[in-house]
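K.L.:
Let me give you the structure first, and then I'll get to my questions.
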């Protein structure tokens with residue numbers, strides 16, 4: 001089996017067999033993480049740059065830990081402490097970093113397509129750690145890993161994503177990945193936060209959270225992105241909670257045993273109540289644990305020596 | 001690729017494993033503190049058979065561990081296609097244990113080198129010994145087996161293929177010219 005691309009930019013158009021390869025490898029790495037010495041020498045001598053142009057705690061730590069568990073050398077870059085503040089362009093920044101001989105770049109950026117743009121200016125393999133509202137593939141992979149781990153399968157399940165669908169890269173990557181793996185994907189959220197023509201992606205749009213809960217096996221609850229809500233797309237946080245918040249009363253109405261997921265960071269008492277976030281159905285912290293394993297798998301599978309040869313074969 | 005000759009058949013393999021088991025038991029005067037760890041793929045199957053054989057001789061069992069060395073290989077940067085990472089399954093603490101490491105073929109010694117690194121990351125064993133079904137020579141590292149089923153001198157152009165019922169449907173060791 002071979003990966004089709006030497007980069008991981010998104011899950012759109014990725015084959016089910018490649019997704020399965022990422023997930024299978026991640027499960028093996030999870031075992032490594034449970035050992036007394038949770039570190040392997042696999043990426044010794046490889047250098048990974050973590051380019052974070054947008055704030056992140058979980059994803060950045062998760063990538064960094066994954067790199068260290070694989071014995072790679074890491075350089076961290078964040079906007080606040082770099083020459084970007086002095087007006088350097090993305091291309092110049094990365095060219096400069098690449099001339100220091102790097103093998104892999106992990107990028108988080110507020111512009112959709114930033115990761116794709118990077119692949120055109122550097123030789124290293126690029127991993128998208130979230131580009132604007134476009135994709136966040138490693139988050140979707142760890143979500144799928146958590147579902148697979150808890151429910152033993154992905155195929156045939158009904159996964160409903162709740163909240164700010166429009167601004168969510170997590171949602172887009174999940175839709176592509178889950179559908180490729182044979183799951184049904186539903187969405188539920190306030191009208192102004194649903195993209196136009198979302199049905200064309202083959203998802204079910206649930207008009208109310210009650211209807212979504214009645215049919216779902218998994219609820220993936222998105223964060224209300226306060227930083228992207230400048231236009232007043234819904235009246236107030238309180239009203240959002242009243243209509244779409246995942247409360248104990250609502251979860252108790254579920255017919256099946258629900259799996260509750262959230263990519264973090266949570267706004268407790270807005271999109272999710274603490275009782276649910278910390279309750280028996282919640283796998284939110286398992287998602288974080290699995291995140292490191294998934295990122296180890298992605299780094300391992302993308303770290304090739306003859307990467308230029310792979311790209312020739314795939315194009 | 002053509003098969004040059006069959007070096008061992010099912011009966012030969014069975015007898016050889018039995019002899020290896022006796023040698024291990026003789027050397028260690030029993031099974032105190034002994035654990036058997038097989039290297040994927042095929043070393044783990046041989047390990048299971050040796051444990052079965054110990055059970056027949058000593059009427060008690062020793063722990064089995066299965067080791068995947070993929071992440072410790074020194075050559076994987078040379079491939080485009082990444083080897084599949086399988087799970088290491090060692091459910092006991094290896095510290096202060098006497099480990100018999102089992103593999104099917106000993107060749108360059110690089111697999112054993114990787115296995116030693118992998119084991120040391122799991123704890124500090126009292127000792128590690130190596131048992132192999134076939135030693136074909138051409139070592140690239142200062143490594144030697146403590147228990148050898150069959151010494152088979154080969155040329156580098158040849159390959160040794162060990163087939164085992166559990167994976168390949170039959171037991172045999174064949175010499176292949178590539």
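K.L.:
From the residues in the stretch A:290-310 that are within 26 Å of residue A:142 (Cα to Cα) and out of contact with any helix residue (DSSP H, G or I) (no Cβ under 9 Å at 6 or more places or on another chain), which one is modelled with the lowest pLDDT?
P.N.:
That would be A:310.
K.L.:
Got a sec? Which of A:78, A:83 is more than 23 Å from the chain's Cα centre (by Cα), farther than 29 Å from residue B:116 by Cα and at pLDDT below 85?
P.N.:
Every option except A:83 fails the conditions.
K.L.:
For the stretch A:48-73, what are the residues that are surrounded by fewer than 18 Cβ atoms within 10 Å (Cβ to Cβ), at pLDDT 90 or above and more than 13 Å from every other protein chain (Cβ to nearest Cβ)?
P.N.:
A:61, A:65, A:68, A:73
K.L.:
Something else: Can you name the condition, by its number, that residue B:26 falls short on among (1) in a loop (DSSP other than H, G, I, E, B); (2) exposed (fewer than 14 other Cβ atoms within 10 Å of the Cβ)?
P.N.:
(1)
K.L.:
Limited to the stretch A:125-138, what total is found for residues that are buried (at least 24 other Cβ atoms within 10 Å of the Cβ) and farther than 13 Å from residue A:298 by Cβ?
P.N.:
Residues flagged as buried (at least 24 other Cβ atoms within 10 Å of the Cβ) and farther than 13 Å from residue A:298 by Cβ within the stretch A:125-138 amount to 3.
K.L.:
Looking at A:225, A:179, can you tell me which residue is within 24 Å of residue A:115 (Cβ to Cβ) and at pLDDT below 90?
P.N.:
On the way: A:179 fails: at pLDDT below 90.
Answer to the check: A:225.
K.L.:
If a residue must be assigned to a strand (DSSP E or B) and away from chain A (no Cβ under 14 Å), how many such residues does the stretch B:73-124 contain?
P.N.:
So the count comes out to 9.
K.L.:
I would also like to ask the following. Considering only residues that are within 14 Å of another protein chain (Cβ to nearest Cβ) and in contact with a helix residue (DSSP H, G or I) (Cβ under 9 Å, 6 or more places away or on another chain), look in the stretch A:19-28 and name the one that is nearest to residue B:115 (Cα to Cα).
P.N.:
Filtering first and then ranking leaves A:28.
K.L.:
Return a yes/no flag: does the stretch A:29-42 have any residue that is without any contact (Cβ under 8 Å) to a residue 40 or more places away in the chain, within 12 Å of chain B (Cβ to nearest Cβ) and either touching a strand residue (DSSP E or B) at 6+ places or on another chain (Cβ under 9 Å) or crowded, with 19+ Cβ neighbours inside 10 Å (or both). Quick ask: steps written out before the conclusion?
P.N.:
We begin by selecting, within the stretch A:29-42, every residue without any contact (Cβ under 8 Å) to a residue 40 or more places away in the chain; these are A:31, A:34-41.
Adding the requirement that they be within 12 Å of chain B (Cβ to nearest Cβ) leaves A:31, A:34-41.
Right, trim to either touching a strand residue (DSSP E or B) at 6+ places or on another chain (Cβ under 9 Å) or crowded, with 19+ Cβ neighbours inside 10 Å (or both) and you get A:31, A:40.
Within the stretch A:29-42, one or more residues are without any contact (Cβ under 8 Å) to a residue 40 or more places away in the chain, within 12 Å of chain B (Cβ to nearest Cβ) and either touching a strand residue (DSSP E or B) at 6+ places or on another chain (Cβ under 9 Å) or crowded, with 19+ Cβ neighbours inside 10 Å (or both).
The values are calculated or read from the model by the stated rules, or taken from the named source; none is laboratory data. Not measured: the values here are computed from a predicted model. No Cβ is skipped: glycine too gets one built from the backbone with ideal geometry, and neighbour counts run over all protein chains shown.
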